[in-house]
1. Could you tell me whether Val211 is β-branched (Val, Ile, Thr) and either assigned to a strand (DSSP E or B) or farther than 23 Å from Met102 by Cα (or both)?
2. In the range 31-89, what count of residues is obtained for those that are aromatic (Phe, Trp, Tyr) and buried (at least 19 other Cβ atoms within 10 Å of the Cβ)?
3. For the range 146-192, which residues satisfy the criterion of being more than 15 Å from the chain's Cα centre (by Cα), more than 15 Å from Gln109 (Cα to Cα) and part of a helix (DSSP H, G or I)?
4. Of all residues being surrounded by fewer than 18 Cβ atoms within 10 Å (Cβ to Cβ) and small (Gly, Ala, Ser) in the range 228-255, which is farthest from Glu215 (Cα to Cα)? Just the residue, please.
5. Do any strands (runs of 3 or more DSSP E) entirely within the range 19-91 hold 1 or more residues that are within 19 Å of Val225 (Cα to Cα), in contact with a helix residue (DSSP H, G or I) (Cβ under 8 Å, 6 or more places away or on another chain) and not hydrophobic (A, V, I, L, M, F, W, C), and if so, which?
6. So if I check each of Leu186, Leu172, which one is under 24 Å from Asn60 (Cβ atoms), in contact (Cβ under 8 Å) with a residue 40 or more places away in the chain and either out of contact with any strand residue (DSSP E or B) (no Cβ under 7 Å at 6 or more places or on another chain) or among the small types (Gly, Ala, Ser) (or both)?
Amino acid sequence: MGQSDEAAVAPQGTVARASSGSGHLLQVTGLQAGYGAKQVVFDVSLMVGAGEIVGIVGHNGAGKTTTLHSIFGILRPRGGQVAYRGENIAGRTCHKNVLAGMTLVPSEQFVFADLSVAENLQLGALWTPPAKRAALLESVYEIFPVLKENPKQRAGQFSGGQQRMLSIGMALMADPAFMLFDEPSLGLAPAVTIRVFDTLRQLVDDRGISVLILEQNMPQLLRIVDRVYVMRSGRIAGEETAEQLRAREHYWDIF
């Protein structure tokens, strides 16, 4: 990283940590990950507080999705710790992480196109106690009325924005405490992106859900996040509050 890059982003640890919530829900320390012989993530450390939205931004290939997959359990880390609610879960399976209150909404292939809306939501509740499912379904319908209006429609017949709403609904059916999102605005119209991001902020404010989100749409991201980590070439290059980033004239130096 050149001298101009170093000055572009505040070094990690120079901003105040999260003040919202009651502590660290997620604490990642020295995370290392990769695929085959190729290492992609090097000594990444970050945290998400209870009731906080934290963003990760950076250029394509910076290691953002690999970091997310390592946290959620899709990819087994090569080193470091992933502490969730004080327990090191590095290498734990996705299934166990979902049972512990984590959900992941991927950037692509996030619904089952051949299944109905209702069937997709049922799959989201696969490991949710039956006694909770009716109330969770009603809350999803309240947030996204279009799902209640079309329960028998095949998910693949929905627009991209409607499918994104369904994917969030599926994640909510798991009754999560911590939600991870990979590029939720990908392929969406601007108006739909605003609706989706407003929903994420509302979930945090109303329910205390914590969110870790990867996103390239900086203006929309900065409307809802509390803090942002910047990744470059598999490493955390800096950390800033949303307020600090909103004060910038441009974001090109981040990417």
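Here, each number is a calculation from the coordinates, and none is a lab measurement. Just so it is clear, the model here is predicted, and its values are computed rather than measured. FYI the Cβ positions are ideal-geometry reconstructions off the backbone, even for glycines, and counts take in every protein chain you see.
1. On the way: β-branched (Val, Ile, Thr): yes; either assigned to a strand (DSSP E or B) or farther than 23 Å from Met102 by Cα (or both): yes.
For Val211, the condition - β-branched (Val, Ile, Thr) and either assigned to a strand (DSSP E or B) or farther than 23 Å from Met102 by Cα (or both) - is met.
2. Taking the range 31-89 first, the residues aromatic (Phe, Trp, Tyr) are 35, 42, 72, 84.
Okay, now just the ones that are also buried (at least 19 other Cβ atoms within 10 Å of the Cβ), so 72, 84.
Qualifying residue count, the range 31-89: 2.
3. If the condition is that a residue be more than 15 Å from the chain's Cα centre (by Cα), more than 15 Å from Gln109 (Cα to Cα) and part of a helix (DSSP H, G or I), then Val146, Leu147, Lys148, Glu149, Pro190, Ala191, Val192 are the ones that fit.
4. Ala247
5. Values: elements: 24-35, 38-49, 53-58, 79-84.
Where strands (runs of 3 or more DSSP E) fall fully within the range 19-91 and carry at least 1 residues being within 19 Å of Val225 (Cα to Cα), in contact with a helix residue (DSSP H, G or I) (Cβ under 8 Å, 6 or more places away or on another chain) and not hydrophobic (A, V, I, L, M, F, W, C), they are 53-58.
6. One residue alone meets the criteria, Leu186.
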